[in-house]
Structures are given as C-alpha cells and as structure tokens.
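Quick note: the coordinates plus some simple rules give every number you see, no bench work behind them. These figures come from a predicted structure and were not determined experimentally. We place every Cβ from the backbone using ideal geometry, glycine too, and count neighbours over all the protein chains shown.
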Amino acid sequence: MNLIILGPPGAGKGTQAKKLEEKHGLKQLSTGEMLRAEVAAGTELGQKAKETMDRGDLVSDNIIIEMIAHCIEQPDCANGVIFDGFPRTVAQAEALDDMLLEKGKPLAAVIELTVDEEELVNRLNTRIRDMTEAGQAVRSDDNEEILRNRLQVYRDLTAPIVPYYKTKGMLSAVNGMQSIEDVEAAINALLDCDNGDRGCQSVSGGPSQ
Ligand code: AMP
C-alpha cells in the first residue's frame, strides 16, 4: 500500500507517518529528512539544497524526483511507502504517478491533514521555546518568518495538488487540529474502510481498487 500524507509544514505529517510505518509495516519516505541528511553529510546535493531550505523555498523538482525514484527501488520499500512531504508540486505528483504506474503499485490514498495556519505558528513558537529551554538545537528553518514563507509556498505550489488528487477520487481530509491520538485514529479508520468495510466511505476511488 502506497500512501501520501499531505499538509502544510507543522501539520503533523511526520508524526503520523511514523505511526503508520509501525502499524502497517510501510516505509516512511520524508524528502525533508533526506535533504537534511544530505546537508549534514556535506554532499554536493546538500550544499546546493541548504540555502533554498533555509529560506523555506522548494528544492527543484528534478532533484526531488530523482531522490524518490532511487528510494522507492530499495528493498525496504517493497511493502509500500508513506510519502511525507512529497509531492509538493503538481509536477512531482505527476512524476510520482508515472513511477508508481511503471512499478504497477499505484497510490492507495492521499490523506490531507487540514490545519489552522495561526495555530501552526503558535505550535512552532511553543516548540522553539521548549527546545531552547531544554538546550536542544532548533532547525535552521524553524522560525516564524521562515514558517510564514513556507506556508505561502504551500498555498502557492503545493495546495494545487489537492484538486489534482480530488479529481482522481483519491483524497481524504482529516482534521489535523485534533490530538495526535485522535488524528491517528481518524487515519486508521479511513484506511480500515479502504480495506473492505463496505459501510464506510472509501478513502480511495483510485486505480488500486
Ligand atoms: P520538510 O521537513 O518536509 O518540511 O522539508 C524541509 C525543506 O526541505 C522544505 O522547506 C523544502 O525546502 C525542502 N523539501 C522537502 N521536501 C521537498 C519537496 N518534495 N520538494 C521540494 N522541496 C522539498
């Protein structure tokens, strides 16, 4: 089963992707984590991407698509993947469709975490305060000004993939403002529906069915 978790920065995609990874034996692929690993390792790709990431802008589609194309071929992705932070543009979504079609393993569902932007800013400021108090390092793109740019980038470049998947009948929205446990339960209810409970509204009208 291949899933996408979609939502603006700070919506809880990573947290929920990790839970899905444990529960369903899927592999979480976070393009943000991959890029940060490249930056930390000082690779050429990391050096190229760092400035863009620090501004809160998007790294080029080609770099991201190449990274994903490589990852989904790895043995630990054989059971299925949760795409976290990818796709972030319609071009990435189209490229993903092509890649999965070629592998014969299409998307099962796209789960959109819906959130209130001001609440995301509040959450970020609380997190920065807590981490600073605990003496932990804060990410270089973790500040309010950059978050506001990232939210703008989300609205301009990523939000258009919502209608892209909606048209394909693959999109399900979950209220991301609930507690972590309640969001998790809502996602699992959707996925269980997809696994055959005919009383439920299906999460996926896509080609996997
Ligand atoms: P994230 O941890 O997913 O919030 O990603 C951190 C940063 O990495 C983003 O602000 C972008 O600069 C970059 N990034 C991550 N995923 C993508 C993607 N799919 N396309 C373009 N840039 C990305």
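Among bridges DSSP assigns within region 1-150, what percent are antiparallel (round to 5)? Mind showing how you got there, number by number?
Numbers: 0 of 12 bridges.
In region 1-150, DSSP labels about 0 percent of beta bridges as antiparallel.
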Practice problem: Would you mind computing Rg(Cα) / (2.2 N^0.38 Å) for the chain, counting N as its residues? | Solution: 1.01
Quiz item: Remind me, relative contact order of region 1-50 in percent, using alpha carbon pairs under 8 angstrom and six or more residues apart?
Solution: 19 percent
Self-check item: Cα shape, region 1-68, gyration tensor, a/c 1.5 rule
Solution: prolate
Self-check item: Cα-centre dipole for region 98-145 with unit charges at Cβ (Lys and Arg positive, Asp and Glu negative), debye to 20
Solution: 380 debye
Quiz item: Got the relative contact order for the chain handy, in percent, Cα pairs under 8 Å and 6 or more residues apart?
Solution: 29 percent
Quiz prompt | Positive-end extreme of charge dipole, the chain - chosen from His70, Leu58, Gly46 (charges on Cβ) | solution = His70
Quiz prompt | Gap separating the Cα centres of region 1-20 and region 129-162, nearest whole Å | solution = 15 Å
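Work the Kirkwood hydrodynamic radius out for region 143-184: mean of 1/r over every pair of different alpha-carbon atoms, inverted, in Å. Intermediate values should be presented prior to the final figure.
On the way: mean 1/r = 0.0815 Å⁻¹.
The answer is 12.3 Å.
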Practice problem: Would you count, across the chain, every pair of lysines whose alpha carbons are under 15 angstrom apart, provided the pair is eight or more residues apart or spans two chains? | Solution: 4
Self-check item: Radius of gyration and Dmax over the Cα atoms of region 1-118, both given in Å
Solution: 14.0, 40
Exercise. Pop a pseudo-label 7 angstrom from the Cα along the beta-carbon direction at both Glu51 and Met131 and give the gap in nm to one decimal.
Key: 2.4 nm
